[in-house]
Amino acid sequence: AAPLVIAIDGPAASGKGTLARRLAAHYGLRHLDTGLTYRAVAQRMLAYGLPLDNVSAAETAAGQLDLAQLDRDLLSTHVIGEAASKVAVMASVRAILVEAQRAFASALPGAVLDGRDIGTVVCPDAAVKLYATASADVRATRRLHEILDRGGAADYATILADIERRDARDMGRADSPLRPAADAHLLDTSEMDIETAFQTAKAIIDDAI
Ligand code: C5P
């Protein structure tokens, strides 16, 4: 049998990560948050004090990446997310990371991958493609609560501005911009809690596979 691949794309805080994790558990598939791969490269650059547009250093960091060692807690900061979206504009860095992501997707029994270009570039033949969206206001509010729940400090206006700047960079770049694949199912989670989003996605997937 061929591996079952489910592609989930969407902007920051659209709910795609939570959705991807739950769907992977439900269908017994592996899960890769591809954002972590860009974050890991950015984290290395920051740790070594390298400029984020240093292509050869970023290529080296991408080449050394070990998907089994991605540490979500270390990589989940705001500063690293912002740096990741700068690293992610470099085509040669993307090519290296996309190759690793495709290798992950190609192993049995299959996988759920979430990111920005999974349905369009990484896994264009995925069995099901979802594009999660939510209004910028809802996404900023979710991010704010996540940070406050973890005991961090943040304010709504800064988070909203950050989200809008990151969306603009991700949608506006030349290589693999964030956009729904032609055959993606749109899932607007603005008015949905996690359970409703999961049930809606599950219904779409069950219908398609
Ligand atoms: O999803 P996350 O916030 O972890 O992604 C961090 C950044 O990595 C995004 O803003 C985007 O620039 C980049 N990214 C990407 N392609 C992916 C996943 C993430 O360009 N498939």
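Descriptive notes on the structure:
- Test set (1) at positive phi; (2) within 14 Å of the ligand (Cβ to nearest atom) - ASP117 fails condition number: (1)
- Scanning the stretch 72-103 for residues that are in contact (Cβ under 8 Å) with a residue 24 or more places away in the chain and of a type in the set (Asp, Glu) turns up just one, GLU82.
- Among the residues making up the stretch 34-50, those that are more than 11 Å from ALA84 (Cβ to Cβ) and small (Gly, Ala, Ser) are ALA47, GLY49.
- Exactly one residue out of THR34, THR60, THR77 is within 13 Å of the ligand (Cβ to nearest atom), surrounded by fewer than 19 Cβ atoms within 10 Å (Cβ to Cβ) and either under 20 Å from ARG166 (Cβ atoms) or more than 15 Å from the chain's Cα centre (by Cα) (or both): that is THR77.
- Tabulated pairs, the stretch 35-60, first of a type in the set (Lys, Arg), second surrounded by 18 or more Cβ atoms within 10 Å (Cβ to Cβ) and at pLDDT 95 or above, C-beta under 7 angstrom, 6+ apart or interchain: ARG39/LEU75; ARG39/ILE80; ARG39/ALA84; ARG44/ALA61
- The stretch 97-123, residues that are in a loop (DSSP other than H, G, I, E, B) and touching a helix residue (DSSP H, G or I) at 6+ places or on another chain (Cβ under 9 Å): PRO109, ARG116, ASP117, CYS123
- For the residues ALA111, ALA132, the requirement of being more than 13 Å from the ligand (Cβ to nearest atom), modelled with pLDDT of 95 or more and surrounded by 20 or more Cβ atoms within 10 Å (Cβ to Cβ) singles out ALA111.
- Once the stretch 156-182 is narrowed to residues that are in a loop (DSSP other than H, G, I, E, B) and surrounded by 12 or more Cβ atoms within 10 Å (Cβ to Cβ), the residue that is nearest to the chain's Cα centre (by Cα) is LEU178.
- Filter pass, HIS145 being closer than 27 Å to ASP73 by Cβ and not hydrophobic (A, V, I, L, M, F, W, C): yes
The values are calculated or read from the model by the stated rules, or taken from the named source; none is laboratory data. Quick caveat: nothing in here was measured; it's all calculated off a predicted structure. Using ideal geometry, Cβ is built from the backbone for each residue, glycine included, and neighbour counts are taken over all protein chains shown.
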